Amino acid sequence: MSYMKYKGYFGSVEYSQEDHCLFGKLMFIRDLVNYEAVDATSLEREFKASVNEYLGDIGATQSRCDDQS
């Protein structure tokens, strides 16, 4: 299995012969975050967007937890 790395996060790279697309998920985290695309360049872009969105969600969750303290 191949991996991409961005901002300290790893993402898998897999191919679906049935759907004729590339797909993957963020690895080594508890949440399920996945992405897909039709070519490698687009998959890398989707992977990076997924990492950024995940980091934004973590920040929002942390803010809510801090507000409740």
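Tabulated values for the structure
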{"item": "Accessible area per residue, Å², the chain with all protein chains present, probe 1.4 Å", "result": "75"}
{"item": "Whole-percent carbon and sulfur share, accessible surface of the chain, 1.4 Å", "result": "47"}
{"item": "Relative compactness, the chain, computed as alpha-carbon Rg over 2.2 N^0.38 Å", "result": "1.27"}
{"item": "Surface accessible to a 1.4 Å probe, residue 42 within the full protein complex, Å²", "result": "20"}
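The values are calculated or read from the model by the stated rules, or taken from the named source; none is laboratory data. In this text, all values refer to a predicted model and were calculated from it rather than measured experimentally. Ligands, DNA and RNA are stripped out before the accessible areas are found, and what is left, the full protein with its side chains, is counted by its heavy atoms. Shrake-Rupley method; radii C 1.70, N 1.55, O 1.52, S 1.80 Å.
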